[in-house]
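**Student:** The structure is given below, and queries will be raised subsequently.
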Amino acid sequence: MNTKPFPSGPGENAVTITRVADRQWHALDGDLVVGSGYAGHRPDGRLFVSIDAWHDAAFDRLAQVIPAELPAPLYTLVDEADVETTAGWLRAGFTVRRREWEYDVPTDPRVTGLEEVLPPSGVTIVPAGQADERLLRAVDRAIRAEVEATAGWWQSMPAEVIPGAEGDTIVDPSKYAVAATPDRYLGLIRVVTVKRPRIGLVAVRAGEQRRGIARALLAHALGTLHGSGFTSAWAEVHESNQAASTLFEGIGARRMGSNLELVR
């Protein structure tokens, strides 16, 4: 274990930072644990840190020690409404890299207005779990390359979209429904349900956009969720992605909050 004491201000007790395991730290006030920190690599290779502390002094000590023991750059995610935590990371030298809006998305087609929405002529929707994995991975790679060549994949895609081998972002093929023609896929939507359904990604190839394919994918996915008894889902949209915000707000989605990705 690695222990580093940091003197507190006048009238305060000293807070000691102890590394208790690989990339795990505790803040101790005497024998009492008053905070903890953790660092781990995301599958995209970036190193993210998190801190849970009882008070600012413990947070600040952890935020001082952890970056000193780790390679830069470091990242963290915070709820923008959590003003105190955000301020703590800013004090530690982190800056805002990106903001994602959180949306509450209704599933009832009478609310979304998607009840009569169909894909364009010649395009069919293949339900989740039925997509051809080869074609699914091909459209994923094509869309990824198109986004990377313009706005940049990591600058515009949801932070949770992670790459696997050779840049493949298909984590679980069974979670994807796709818009298909007989020889290729034009777009995809991923929905993951744990406690509440999450729309992790809606994307259409650049040459096939503005044809109503994204709306058709949403109509299918939300209709399926509604039929399964879910009244709403949630989604995250990068603040610069005006097209995606317009798409969701156009079907009655409500902006509920925002997350910040910070970097040091």
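**Student:** Taking the Cα centre of the range 167-264 as origin, sum charge times position over the Cβ atoms of Lys and Arg (+1) and Asp and Glu (-1), and report the length of that vector in debye to the nearest 20. Kindly include the intermediate steps, with their values, before the conclusion.
**Tutor:** Details: 13 positive and 8 negative charges, 40 e Å.
In debye, rounded to 20, the range 167-264 gives about 200.
**Student:** Let me ask something else. Using the per-residue mean of other Cβ atoms lying within 10 Å as a proxy for protection, in what order, highest first, do the peptides 141-148, 46-53 fall? Please report the intermediate quantities before stating the final value.
**Tutor:** Working: 141-148: 16.8, 46-53: 18.2.
Those peptides, ordered most packed to least, come out 46-53, 141-148.
**Student:** Around ILE251, under 12 Å between beta carbons, what's the net of Lys plus Arg minus Asp minus Glu among the other residues? Walk me through the numbers before you get to the answer.
**Tutor:** Details: positive: ARG110, ARG215, ARG254; negative: ASP104, ASP108, GLU115, GLU249.
Combined, the nearby Lys, Arg, Asp and Glu give -1.
**Student:** Report, to the nearest whole %, how much of the accessible area of the chain belongs to carbon and sulfur atoms, 1.4 Å probe, protein only.
**Tutor:** Values: 6820 of 13320 Å².
Answer for the chain: carbon and sulfur cover 51 percent of the accessible area.
**Student:** Another question about this same structure. When Lys and Arg each count +1 and Asp and Glu each count -1, what net charge do the other residues less than 10 Å away from ALA27, Cβ to Cβ, add up to?
**Tutor:** Numbers: positive: ARG61; negative: ASP29, ASP52, ASP60.
Result for the neighbourhood of ALA27: -2.
**Student:** Report the charge-dipole magnitude of the range 13-76 in Debye, nearest 20, computed about the Cα centre from +1 at each Lys and Arg Cβ and -1 at each Asp and Glu Cβ.
**Tutor:** Values: 5 positive and 8 negative charges, 50 e Å.
Value, rounded to 20: 240 debye.
**Student:** Can you give the charge dipole size of the chain about its Cα centre, rounded to the nearest 20 debye, using +1 on the beta carbon of Lys and Arg and -1 on the beta carbon of Asp and Glu? Can you show the working numbers first?
**Tutor:** Details: 28 positive and 34 negative charges, 116 e Å.
Approximately 560 debye in magnitude.
**Student:** Applying 1/(1 + (r/R0)^6) with R0 = 22 Å to the Cβ-Cβ distance of SER50 and ARG254, what FRET efficiency is obtained, to the nearest 0.05?
**Tutor:** It comes out at approximately 0.20.
**Student:** Another question, then. Kindly report the accessible area of the chain per residue (heavy atoms of protein chains, probe 1.4 Å, no ligands, DNA or RNA), in Å².
**Tutor:** Details: 13320 Å² over 264 residues.
Result: 50 Å² per residue.
**Student:** Averaging sequence separations of C-alpha pairs under 8 Å and six or more residues apart, then dividing by the length of the chain, give the relative contact order as a whole percent.
**Tutor:** Values: 504 pairs, mean separation 64.4, N = 264.
It comes to 24 percent, rounded to a whole number.
**Student:** Can you pull the one-decimal nm distance between simple spin-label points at ASP104 and ARG141, each 7 Å off the Cα toward Cβ?
**Tutor:** The answer from the label model is 4.2 nm.
The values are calculated or read from the model by the stated rules, or taken from the named source; none is laboratory data. From a predicted model like this one, the values you see are computed outputs, not experimental measurements. Please note: Cβ atoms are built from the backbone with ideal geometry, for glycine as well, and neighbour counts cover all protein chains shown. What goes into the accessible areas is simple: the full protein's heavy atoms, side chains included, and nothing from ligands, DNA or RNA. Shrake-Rupley method; radii C 1.70, N 1.55, O 1.52, S 1.80 Å.
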